[in-house]
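**Q** So that we are looking at the same thing, I have put the structure below in structure tokens.
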Amino acid sequence: MVPADLTLRLQKVRALGEAFAAPELATARVSAYVADTAFRIDDVEAREVRTPSALCALAASAPPPQGTPLGKIAVLVPRNSVGLTLAKAVVGGFLAGNEVLVRLPTQLERTRPLVDALLREHLPGVTTAPDDLSSRAFLTGAMHDPSIAAVVVYGDDAWIDDYRDLAERTRTELYFEGPGSDPMIVLEGCDVDVAVDAALRGGLHNGGQSCSAFERFFVHASLHDAFVTRLIARLEGLRVGAPTDRAAGVGPIASSRVRARILDQIAAARAEGATLRFGGQLVQDVHEGLPALVPAVLTGCTPAMAVMAEETFGPVFPVMAFAEDDALLSAVDACRYGLNAAAFGPGAERLRGWLTARHRNVFIDATPFDAASLPERNVDGGYRRSGFAWRFRDGQPTVTEGPRILARALQR
């Protein structure tokens with residue numbers, strides 16, 4: 001049962017954060033997660049240990065305003081971001097006073113029991129769904145369950161609309177956390193080395209297999225050639241290797257669907273006039289038969305190309321030059337996603353208002369993965385197809401967009 005007293009819930013969340021970082025537990029969980037996903041060990045330690053631990057500490061130190069709990073919620077956890085989802089959605093629901101039913105990805109055979117034990121020990125009232133329950137069965141079952149008031153879904157906008165009719169018929173609120181195609185903007189006068197460092201931090205985070213990774217690169221024409229040259233030089237220095245090889249800068253991509261999408265987007269961009277300046281080819285059998293993609297740099301890209309308009313989810317750097325703000329903003333907006341955006345260089349603040357109206361988080365001279373950006377990591381939601389909520393007002397279904405803190409949203 002969820003403790004009725006907020007102070008007790010905060011203590012539980014603080015203890016969970018400490019458990020996330022406990023060396024013996026963290027080592028076992030990281031090893032299991034790397035084996036299940038083939039994500040690089042450095043990325044896993046950041047995403048599954050350090051950041052969730054820090055987010056739990058942040059949540060425990062800044063409790064949300066207390067309303068009335070919804071009662072019980074369900075959370076569909078994505079394969080690529082277990083720790084972050086637990087620290088945001090599950091902890092958020094718990095702090096709001098709700099019971100939480102969690103569906104962990106079935107592919108994480110080694111990781112699931114470790115995460116389940118972590119939740120059972122530290123968050124009373126939080127339970128996990130059966131291991132063999134599919135995502136579809138979990139969602140439909142949760143919406144048909146009259147005790148569940150809301151579901152939080154981390155997933156793909158390609159299939160989420162299939163559930164809208166059911167959500168309305170069962171009066172179940174649905175909070176959708178979807179894909180991104182996040183822009184990085186490099187303005188005139190920016191230090192090119194600073195911009196390239198940020199492009200690598202943002203574009204190669206989790207091998208690009210993160211909804212918050214930079215996926216579109218808009219570079220002022222005066223800096224374009226220097227940016228591309230130095231970016232390629234840095235990428236040439238990265239070695240492709242196994243996920244446990246800390247000296248390797250690029251690891252394998254386990255999903256055949258993601259690999260096919262990346263290669264299709266690169267091929268389509270080239271057919272539409274883009275130039276492949278570096279990489280873009282698979283290196284076979286990097287780890288247990290899995291291939292890796294040499295990071296690709298494409299120039300001459302346009303907003304209409306799929307590599308710019310769609311989510312890529314891999315180590316691809318499509319670059320577009322711009323000269324004027326009007327052309328830049330039009331190109332940035334030619335995308336159906338609105339998760340994060342970042343701008344670098346003198347005068348970047350002038351873009352904040354425009355970007356904020358279209359993206360849940362805006363970073364000036366920073367990436368989402370920098371230490372100073374931690375508070376923004378606790379924000380969910382987004383605009384357009386990156387995030388929305390199906391709720392009910394005065395008995396009528398509504399759709400809302402924008403940033404949200406789930407600890408506040410999951411209560412009345």
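The values are calculated or read from the model by the stated rules, or taken from the named source; none is laboratory data. None of the values given here were measured: they were computed from a predicted structure. All Cβ positions, glycine included, derive from the backbone under ideal geometry; neighbour counts span all protein chains shown.
**Q** Out of (1) of a type in the set (Phe, Trp, Tyr); (2) in contact with a strand residue (DSSP E or B) (Cβ under 9 Å, 6 or more places away or on another chain); (3) touching a residue at least 40 places away in the same chain (Cβ under 8 Å); (4) crowded, with 17+ Cβ neighbours inside 10 Å, what's the single condition that is false for PHE363?
**A** Of (1) of a type in the set (Phe, Trp, Tyr); (2) in contact with a strand residue (DSSP E or B) (Cβ under 9 Å, 6 or more places away or on another chain); (3) touching a residue at least 40 places away in the same chain (Cβ under 8 Å); (4) crowded, with 17+ Cβ neighbours inside 10 Å, only one is false for PHE363: (3).
**Q** Return yes or no: is ARG164 in the same structural domain as PHE392 (by TED's automatic domain parsing), free of Cβ contacts under 8 Å to residues at least 12 places away in the same chain and within 20 Å of THR400 (Cβ to Cβ)?
**A** Numbers: in the same structural domain as PHE392 (by TED's automatic domain parsing): yes; free of Cβ contacts under 8 Å to residues at least 12 places away in the same chain: no; within 20 Å of THR400 (Cβ to Cβ): yes.
For ARG164, the condition - in the same structural domain as PHE392 (by TED's automatic domain parsing), free of Cβ contacts under 8 Å to residues at least 12 places away in the same chain and within 20 Å of THR400 (Cβ to Cβ) - is not met.
**Q** Would you confirm, using the coordinates I've provided, whether GLU349 is exposed (fewer than 14 other Cβ atoms within 10 Å of the Cβ) and touching a strand residue (DSSP E or B) at 6+ places or on another chain (Cβ under 8 Å)?
**A** Working: exposed (fewer than 14 other Cβ atoms within 10 Å of the Cβ): yes; touching a strand residue (DSSP E or B) at 6+ places or on another chain (Cβ under 8 Å): yes.
Yes; evaluated as a whole, the condition is true for this residue.
**Q** Given the criteria exposed (fewer than 14 other Cβ atoms within 10 Å of the Cβ) and either of a type in the set (D, E, K, R) or under 15 Å from the mean Cα position of the chain (by Cα) (or both), does GLU401 qualify?
**A** Answer is no for this residue.
**Q** Which of the residues belonging to the stretch 117-139 are touching a residue at least 24 places away in the same chain (Cβ under 8 Å), over 24 Å from the mean Cα position of the chain (by Cα) and surrounded by fewer than 20 Cβ atoms within 10 Å (Cβ to Cβ)?
**A** Within the stretch 117-139, the first condition is being touching a residue at least 24 places away in the same chain (Cβ under 8 Å), and the residues that meet it are 118-119, 121-129, 131-135, 138-139.
Within this subset, residues satisfying the condition of being over 24 Å from the mean Cα position of the chain (by Cα) are 121-122, 124-125, 132.
If the condition is that a residue be touching a residue at least 24 places away in the same chain (Cβ under 8 Å), over 24 Å from the mean Cα position of the chain (by Cα) and surrounded by fewer than 20 Cβ atoms within 10 Å (Cβ to Cβ), then GLU121, PRO124, GLY125, ASP132 are the ones that fit.
**Q** Could you pull out the residue among PRO64, PRO78, PRO23, PRO52 that is outside the structural domain of SER212 (by TED's automatic domain parsing) and at pLDDT below 95? So that I can check it myself, show each step before the final result.
**A** On the way: PRO78 fails: at pLDDT below 95; PRO23 fails: at pLDDT below 95; PRO52 fails: at pLDDT below 95.
On inspection, the qualifying residue turns out to be PRO64.
**Q** Moving to a separate point now. Considering each of LEU231, LEU223, LEU200 in turn, give the residue that is aliphatic (A, V, I, L, M), farther than 30 Å from LYS72 by Cα, surrounded by 24 or more Cβ atoms within 10 Å (Cβ to Cβ) and in the same structural domain as PHE363 (by TED's automatic domain parsing). Spell out the reasoning first.
**A** Details: LEU223 fails: surrounded by 24 or more Cβ atoms within 10 Å (Cβ to Cβ); LEU200 fails: surrounded by 24 or more Cβ atoms within 10 Å (Cβ to Cβ).
That would be LEU231, the only listed residue that is aliphatic (A, V, I, L, M), farther than 30 Å from LYS72 by Cα, surrounded by 24 or more Cβ atoms within 10 Å (Cβ to Cβ) and in the same structural domain as PHE363 (by TED's automatic domain parsing).
**Q** May I ask you to say which residue of VAL297, VAL258, VAL283 is over 25 Å from ALA158 (Cα atoms) and free of Cβ contacts under 8 Å to residues at least 60 places away in the same chain? If you could, list the steps in order and put the result at the bottom.
**A** On the way: VAL297 fails: free of Cβ contacts under 8 Å to residues at least 60 places away in the same chain; VAL258 fails: over 25 Å from ALA158 (Cα atoms).
Result: VAL283 is the single residue among VAL297, VAL258, VAL283 that is over 25 Å from ALA158 (Cα atoms) and free of Cβ contacts under 8 Å to residues at least 60 places away in the same chain.
**Q** Now a separate question. For the list (1) surrounded by 19 or more Cβ atoms within 10 Å (Cβ to Cβ); (2) in contact with a Pro (Cβ under 9 Å, 6 or more places away or on another chain), I need the number of the one condition that VAL90 fails.
**A** VAL90 satisfies all of (1) surrounded by 19 or more Cβ atoms within 10 Å (Cβ to Cβ); (2) in contact with a Pro (Cβ under 9 Å, 6 or more places away or on another chain) except (2).
**Q** Next question, about the same structure. Considering ALA74, ALA96, which residue is surrounded by 16 or more Cβ atoms within 10 Å (Cβ to Cβ) and more than 17 Å from VAL379 (Cα to Cα)? Full working, then the answer.
**A** Values: ALA96 fails: more than 17 Å from VAL379 (Cα to Cα).
Criteria check complete, one pass: ALA74.
**Q** Here's a follow-up. For the list (1) closer than 28 Å to TYR33 by Cα; (2) crowded, with 22+ Cβ neighbours inside 10 Å, I need the number of the one condition that ARG112 fails.
**A** All conditions are met except number (2).
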